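Undergrad: Mind looking over this structure? Questions follow.
The values are calculated or read from the model by the stated rules, or taken from the named source; none is laboratory data. Keep in mind the model is a prediction, meaning the values are calculated, not measured. Note that we place each Cβ from the backbone using ideal geometry, even for glycine, and neighbour counts take in every protein chain shown. Accessible surface is based on the protein model in full, side chains and every heavy atom, while ligands, DNA and RNA are left aside. Shrake-Rupley method; radii C 1.70, N 1.55, O 1.52, S 1.80 Å.
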Amino acid sequence: LSHLYAAPLRRSQSEALSPDSFRPLLDALREMAGGGEQHQYSVTYGSENLRRCIAEKYSPIHGYEIDPETQVVVTCGGTEAMMAAMMAVCNPGDKVMIFSPFYENYGADAILSGAEPIYIPLVPPTYEFDISLIEKGFAEGAKALILCNPSNPCGKVFRRDELEAIAKLAIQYDAFVVTDEVYEHIIYAPAEHICMASLPGMFEHTITCNSLSKTFSITGWRLGFLIAPPDVPDLAEGVKKVHDFLTVGAPAPLQEAVIPGLEFGQDYYDDLLAKYTHKKDLFLKGLDDL
C-alpha cells in the first residue's frame, strides 16, 4: 500500500489544501464574481485563457506542442471529459476494454455510447494484468482501452513497462487509449506517473482526460479537460460537438478563477504530496494499532 495512491473521500477533499495555498484561487474567484463579463457563456469548449494555460502546462509532459485551439476541450469535470471522449470515439456495437476494478462511470460510459465493455482483471494484491487479454480484445476489434492511472479505486500506478506493452498493441491495432489521469499528482514514491501520450508513437493514439478537481481540491467547481491527439481533427471536432450538446460549457467564472492554480510552481505540488503522505501514514499506523 505504501507505493499506491490513497483516494480520499470526496467530502474531505478540501482538507488537502491550506487556506494560504488556496488563496490565489479564492482571490481570483472573488474578482470574477465582482465583474460582469465573465458571467456569460465562454467559448463552449473552454475559455481561451484556460485552454492556453492547459496547453502550456501539459506540452512538456506530453513531449510535443499542444494546440489549445484544436486539441483542448474544457469540460464539466473529468467525468464529462470521459463521456465526451467515449461518445466521440465509439459507434453502437463497438467494443471497449476496461480494467477492473474500475471507477463506476467507465462501464456506464461505454454502455451509453452503445459500446460493449470488455473487462480486464487487475489481480490483487499488486494488481497485475494479463497483457494477452488486451491483445485478444484489440484483435477482436476493441476500439479503445480505458486506462485510469493512478487507478481508482485500487490505487495501482502503472509501470513504464506495462504502459509500453499496452502502447505497442494500441499502435499495432490502430486503436485509442482513453486515459483518466486525475490523480497524477497524488502518488507516492517510488512510483511515478507516466503520461501515456508521452510514450513513443502514442500521442496520436491517446485521448487524455483530466480534472482540476483533485489537484486543487475544488471538486465542486466541476472543471475538467480533454486533450485530443494531434493530426486527428475529426476526433477533436467530434468531442467538441458532443460536449456542446451535453453541457454547452463549463462555468465561465470558475474557468478564469482556476488559472492561478495552473501557474503554481513545484512547491505547491510538493506540499500537496506531503499532506497526502502524512494522511496515508496516519491511516496505516491506525491499521497497525488495531
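Undergrad: Ile146 passes all but one of (1) part of a strand (DSSP E or B); (2) farther than 22 Å from Ser198 by Cα; which number fails?
TA: Single failed check for Ile146: (2).
Undergrad: On to the next question. Take the conditions farther than 22 Å from Leu262 by Cα, buried (at least 16 other Cβ atoms within 10 Å of the Cβ) and at pLDDT below 85 and apply them to Leu4. Does it pass? Steps first, please.
TA: Working: farther than 22 Å from Leu262 by Cα: yes; buried (at least 16 other Cβ atoms within 10 Å of the Cβ): yes; at pLDDT below 85: yes.
Yes: the conditions hold for Leu4.
Undergrad: Go through Lys285, Lys240, Lys279 for me and flag whichever is farther than 27 Å from Glu31 by Cβ and without any contact (Cβ under 8 Å) to a residue 24 or more places away in the chain.
TA: Exactly one residue qualifies, and that residue is Lys285.
Undergrad: A follow-up question, please. Would you list the strands (runs of 3 or more DSSP E) that sit entirely within region 45-123 and hold 1 or more residues that are touching a Phe, Trp or Tyr at 6+ places or on another chain (Cβ under 7 Å) and open to solvent by 50 Å² or more (accessible area, probe 1.4 Å)?
TA: Details: elements: 72-75, 95-100, 116-121.
Counting at least 1 such residues, we get 116-121.
Undergrad: Now for a different question. When you scan region 37-53, how many residues do you find that are closer than 20 Å to Glu237 by Cβ and out of contact with any helix residue (DSSP H, G or I) (no Cβ under 7 Å at 6 or more places or on another chain)? Working first, answer last.
TA: Within region 37-53, the first condition is being closer than 20 Å to Glu237 by Cβ, and the residues that meet it are 41-48, 50-52.
If we keep only those that are out of contact with any helix residue (DSSP H, G or I) (no Cβ under 7 Å at 6 or more places or on another chain) as well, we get 43, 48, 51-52.
Within region 37-53, residues that are closer than 20 Å to Glu237 by Cβ and out of contact with any helix residue (DSSP H, G or I) (no Cβ under 7 Å at 6 or more places or on another chain) number 4.
Undergrad: Based on what the data block shows, is Tyr45 in contact with a strand residue (DSSP E or B) (Cβ under 8 Å, 6 or more places away or on another chain), closer than 25 Å to Val242 by Cβ and of a type in the set (Phe, Trp, Tyr)? Break it down stepwise before answering.
TA: Working: in contact with a strand residue (DSSP E or B) (Cβ under 8 Å, 6 or more places away or on another chain): yes; closer than 25 Å to Val242 by Cβ: yes; of a type in the set (Phe, Trp, Tyr): yes.
Considered against the rule, which asks whether it is in contact with a strand residue (DSSP E or B) (Cβ under 8 Å, 6 or more places away or on another chain), closer than 25 Å to Val242 by Cβ and of a type in the set (Phe, Trp, Tyr), Tyr45 comes out as yes.
Undergrad: Out of region 131-173, which residues are among the basic types (Lys, Arg) and open to solvent by 20 Å² or more (accessible area, probe 1.4 Å)?
TA: Lys136, Lys143, Arg159, Arg160, Lys168
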